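The values are calculated or read from the model by the stated rules, or taken from the named source; none is laboratory data. Everything numeric in this text was worked out from a predicted model, so none of it was measured. Every residue, glycine as well, gets a Cβ built from its backbone with ideal geometry; the counts of neighbours run over all protein chains shown. In case anyone asks, the SASA skips ligands and DNA or RNA and just uses the protein heavy atoms, side chains included. Shrake-Rupley method; radii C 1.70, N 1.55, O 1.52, S 1.80 Å.
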Amino acid sequence: MKMDKNLHIPQGYRQTEVGVIPDDWEVVRLGKIGNFIGGGTPSTKIKEYWNGSIPWVSSSDLTEENIYQIHKHRFITDSAIGKSATKKVPKNSVLIVSRVGVGKVAINKDIICTSQDFQSLIPGNNNCIFLAYLIKDKAKLLASYNQGTSIKGFVSSDLKNLQIPLPPKQEQQKIADILTTWDNAINQQTTLIEKKQQLKKGLMQQLLTAKTRFSEFSDDWKKSKLNDCGEVITGTTPSTKIIKYYANGIYPWVTPTDIADYKNIYNSKKSLTEAGVQKGRFIKKDSLLITCIASIGKNAILRIDGSCNQQINAITVNKKFNVDFLYYLIEFKKNILISYAGQGGMMVLNKNDFSNLIFLFPQLQEQQKIAQALTLANDEITKLQTESTLLKSQKKGLMQKLLTGKVRVKA
């Protein structure tokens, strides 16, 4: 790292190879503070290697964000350890995914074995939780070391040579405690969101199948095709080589990546100009967008005039149908859309098959009433998700300050 001679260094700090850190912090290589253990996969063809008592995990058993969450569902025997590359990793080690899933990090609270996608750090006398957060913070740097052809990753020497700022042990513990508190808050929020989603799912099951009805309605529900609900429009992609279609665009141009957990869409990663919309497909506000290629059945309501790409079918709903009701119905019936998609290399639900899908609909007033009830549940979930995103953002900022010593904590 090139040191900036003009950089203002506060009193009590010094410039180092890893940046400005407190005077009482060290700069060390990871290889100097602990030992690394690789992993392996016992042969799945030999039954005596499996269904033992020792947890064996692969990179898919870790999450991107939670260093404490490890999904333990496969177990091996001592015989498997003796006859494969996998090894026992002592508890309170730092599990680091070095190949498929680079960037995932976890702490094991029990003895565990891992696949070859791991380099696990036995932290010696240092705080394993602090090191886990620190290594997690270095995920992008480690990913830049990618080696290999078919499977990218980094090797143990990359980790051993990684220089890190290391505070005294008591401060390591304090930093670990603070970040753990934030993670606990995030986990509680995630659990609450999951519970609310289950409640919403149960409400949809009752209201969208007419098992539970509002007392003022008794008319039979009637079958309608999706193209009876309004005009079906398949999006397109204006040439990305023509700058005037995209530069300083004011119309959202929605692709499947813009459709996530939120019901309403007001903007997108890319936008179109007036010329771009004229070249593409103009979609009126309050139209329903549904993905029909690859990720089938994701949907959202476009709340302003805009456009979408060819992976999305839009329904501009007519006056006999309620767009919010249709949103919840498609969400609830997503598996039906998937079942009509082709089963080749990439699933596709073509416009004709999509337009002719048949569902049961109540009269407009009952659609509106059902949509109102489900929107109350949905808005509660959206609020919790927004709070969760804020917590994660705050934790990220806190990590950057605590793990570099920019903000000190009293040990």
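Can you list residues from other chains, or at least 5 along the same chain, whose modelled amide H is less than 5 Å from the amide H of F361?
Close amide H contacts, sequence-distant or interchain: K222, K223, S224.
Name the residue from N187, I164, L142 whose Cα lies farthest towards the positive end of the charge dipole of the range 142-217, charges +1 on Cβ of Lys and Arg and -1 on Cβ of Asp and Glu.
Looking along the dipole axis, the top candidate is N187.
Could you run the Karplus curve 6.51 cos²θ - 1.76 cosθ + 1.60 with θ = phi - 60° over the range 34-45 and give me ³J(HN,Hα) per residue in whole Hz, x for Gly and Pro?
x, 10, 10, 10, x, x, x, 10, x, 4, 6, 7
Any idea which of A300, L203, N92 is furthest toward the positive side of the dipole for the chain, if Lys and Arg beta-carbons carry +1 and Asp and Glu beta-carbons -1?
N92
Using θ = phi - 60° and the Karplus curve 6.51 cos²θ - 1.76 cosθ + 1.60, what whole-Hz ³J(HN,Hα) does each residue of the range 295-304 get, with Gly and Pro shown as x?
For the range 295-304, the Karplus curve yields 8, 6, x, 5, 9, 6, 9, 7, 8, 9 Hz.
In the range 346-411, what percent of the accessible surface is made up of carbon and sulfur (1.4 Å probe, ligands and nucleic acids excluded)?
56 percent
Pick from T382, T180, T257: which residue has the top mean-square fluctuation in a GNM of the chain where Cα pairs under 10 Å get a spring?
Judging by the Gaussian network model, the answer is T257.
Might you tell me the accessible area per residue for the range 316-411, computed with a 1.4 Å probe and given in Å²?
Accessible surface, normalised per residue, equals 55 Å².
Restricting the count to DSSP beta bridges whose residues both fall in the chain, what percent are antiparallel, rounded to a multiple of 5?
Close to 90 percent.
Using a 1.4 angstrom probe and counting only protein chains, how large is the accessible area of V155 in Å², to 10?
Estimated to the nearest 10 Å², V155 gives 60 Å².
Can you list the aspartates and glutamates whose alpha carbon sits under 14 Å from that of K91, skipping same-chain ones fewer than 8 residues off?
Candidates past the 8-residue exclusion: D110.
How many percent of the accessible area of the range 118-219 is carbon or sulfur, using a 1.4 Å probe?
It is 50 percent, rounded to a whole number.
Could you tell me which residue out of V57, G342, I178 lies farthest along the dipole of the chain toward its positive end? Charges go on the beta carbon: Lys and Arg +1, Asp and Glu -1, centred on the Cα centre.
V57
Could you state the number of Å between the C-alpha centres of the range 194-228 and the range 66-115?
Each part's Cα centre sits 45 Å from the other's.
For N108, which sequence-distant residues (separation of 5 or more, or a different chain) have an amide H within less than 5 Å of its own amide H, given hydrogens modelled in the peptide plane?
Long-range HN contacts for N108: N92, S93, L95.
Which value, in Å², gives the accessible area per residue of the range 143-220 when a 1.4 Å probe is used on the protein heavy atoms?
59 Å²
How high is the relative contact order of the chain, in percent, counting Cα pairs under 8 Å that sit 6 or more residues apart?
Normalised by residue count, the contact order of the chain is 14 percent.
Can you give me the relative contact order of the range 290-365 as a percent, contacts being Cα pairs under 8 Å and 6 or more apart?
Value for the range 290-365: 38 percent.
Quick one: 3J(HN,Hα) in Hz for the range 84-90, Karplus 6.51/-1.76/1.60 with θ = phi - 60°, rounded, Gly and Pro as x.
8, 7, 5, 9, 6, 9, x
Pairs to check: K32/K140; K109/K160; K88/K136; K244/K392; K87/K406; K334/K401. Give those whose C-alpha atoms are more than 32 Å from each other in this structure.
K244/K392; K87/K406; K334/K401
Once neighbouring chains are kept in place and the probe is 1.4 Å, which whole percent of the accessible area of the range 296-344 is contributed by carbon and sulfur?
49 percent
Quick query: amide H of G52 versus all other amide H atoms, modeled in the peptide plane; which residues come in under 5 Å with a sequence gap of 5 or more or a different chain?
Amide H to amide H, under 5 Å and 5 or more residues apart or across chains, G52 pairs with F75, I76, T77.
Rounded to the nearest 10 degrees, what's the angle between the helix 169-207 long axis and the longest principal axis of the chain, both from Cα atoms, 0 to 90?
In the chain, helix 169-207 runs at an angle near 20 degrees to the longest axis.
Helix-only estimate, please: 222 nm mean residue ellipticity of the chain, summing -39500 (n - 2.57) across DSSP H runs of length 4 or more and dividing by its residues, to the nearest 500.
-10500 deg cm²/dmol
Bin by bin, in steps of 20 Å, what percent of the Cα pairs in the chain do you find, going until the bin that has the longest distance?
Cα pair-distance distribution for the chain, in percent: 21, 41, 33, 5.
Once you charge only the Cβ atoms, +1 for Lys and Arg and -1 for Asp and Glu, what is the size of the charge dipole of the chain about its Cα centre, to the nearest 20 debye?
Roughly 560 debye for the chain.
Accessible area per residue of the range 1-141 at 1.4 Å probe, in Å²?
51 Å²
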